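Peer 1: To start, I am sharing the structure in question, which I have written as structure tokens.
Read-outs: derived from the displayed coordinates by stated rules, not from any lab. Computed from a predicted model, the values in this text were never measured in an experiment. We place every Cβ from the backbone using ideal geometry, glycine too, and count neighbours over all the protein chains shown.
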Amino acid sequence: MNNIARVRVTARPEVVIKKLSRANIAIYGVKSAGAYTSFGAEDKMLKKVFAIFSHPCYNIRIVKYGFVRSLALRALSRAGLVAGAALFAAAVLLSQAFVLKISVTGSGAHLAPQVVAILRRHGVEEGRIYGGVDSPIVVSQIMSLPSVTFCSISKRGAAVVVDVQCSRQSSPAPDSSPLVSPVAGRVVAVAAVCGTPCVSAGDEVCAGDKLILPYCAQSPSGGTVCMCAGYVRISVSASVTSLAAEESSSALSSALAAVNLYSDEAEVTSCTVKRVSQGVLYTVNFDYIYTASINMR
């Protein structure tokens, strides 16, 4: 049969057979390889197949179209090649105009909360349009942190990368700053190595809330100032958007891949798509665990 397309989906063979048989969709040549199951289905049934496996937990794509549809696609691809390339370039430029992640690297990575707080005061924040940064002023403020000997700020795609290096010859001076949450969410775990936690598991926090205070309240006479050290894990609900020329399985995969900028273990809760003037806009909502820490290597 010349109108049989080949489809691959991340699901067990019995799940595929059960779902498609309920919808009276005939399939051919079912094969299983690792987490994927591939099968043949008539071209005219592909919309129903994709509707059945539309949930984000299923990664579905067409491996090969039927003979008749392949000829039609080849004819259309040449006409749309230039327009598609232009739309793709515009989508890339649009996504790179936003800050999707702030990464602090180097031997001073443990100063990430303080660095992120400094960047926020200068208008650089995850989820917002990147309008540039006054590097000399920001770098000088980061250099004023204990034991910092070098700092550089660069924009790489949709990420702002701050390289912070600390002196190995001198011990870092006690940090009197509290641990502050850079995100809003629900606290799931607290570990205060040094200092006094002011939140507990289950508490809701906002960006800017204090999580661990830099003092020890162990004596009846009052608290003693100390270096803040510890971490707090926060469950955060967030979303990302991705612009594509048209609705397709590859465009959906690209939108879902953007979630990995936040966490490799993020859990997608929903995904919507709507048509806009530039094409289609995917919105992926997800939950992930953010670890806010201070003076933890």
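Peer 1: Determine the shape class of segment 175-297: with a ≥ b ≥ c the square roots of the Cα gyration tensor eigenvalues, call it rounded for a/c under 1.5, and otherwise prolate if a/b is greater than b/c, oblate otherwise. Could the numbers behind the result be given before it?
Peer 2: On the way: a/c = 3.73, a/b = 3.56, b/c = 1.05.
Here segment 175-297 falls in the prolate category.
Peer 1: Taking R0 as 41 Å, what's the FRET efficiency between N285 and Q165 from their Cβ-Cβ distance, rounded to 0.05?
Peer 2: Details: r = 37 Å, r/R0 = 0.91.
The formula returns an efficiency of 0.65 here.
Peer 1: Assuming 0.36 nm per residue, please report the length gained on full extension of the stretch R6 to Y58 beyond their Cα-Cα distance.
Peer 2: Values: separation 52, 0.36 × 52 = 18.72 nm, distance 1.62 nm.
Residue separation times 0.36 nm, minus the Cα-Cα distance, leaves 17.1 nm.
Peer 1: At 4 °C and 1.567 mPa s, what whole-number value in µm²/s does Stokes-Einstein give for the translational diffusion of segment 97-173, with Rh from the Kirkwood sum over Cα pairs?
Peer 2: Working: Rh = 12.5 Å.
The diffusion coefficient I find is 104 µm²/s.
Peer 1: Related question: Roughly speaking, what is the stretch gain from K274 to A184, that is 0.36 nm per residue apart minus the C-alpha to C-alpha distance, in nm to one decimal? All intermediate terms of the calculation are to be shown ahead of the outcome.
Peer 2: Details: separation 90, 0.36 × 90 = 32.40 nm, distance 2.70 nm.
Stretched out fully, the K274 to A184 stretch lengthens by 29.7 nm.
Peer 1: OK, next. For the pair M143/D264, report the inter-label distance in nm, with labels modelled 7 Å from Cα in the Cβ direction.
Peer 2: Simple spin-label model gives 3.5 nm for this pair.
Peer 1: Using a 7 Å offset from the Cα along the Cα-to-Cβ direction at both S254 and R156, what is the distance between the two label points in nm, to one decimal?
Peer 2: Reported label-point gap for S254 and R156 is 2.1 nm.
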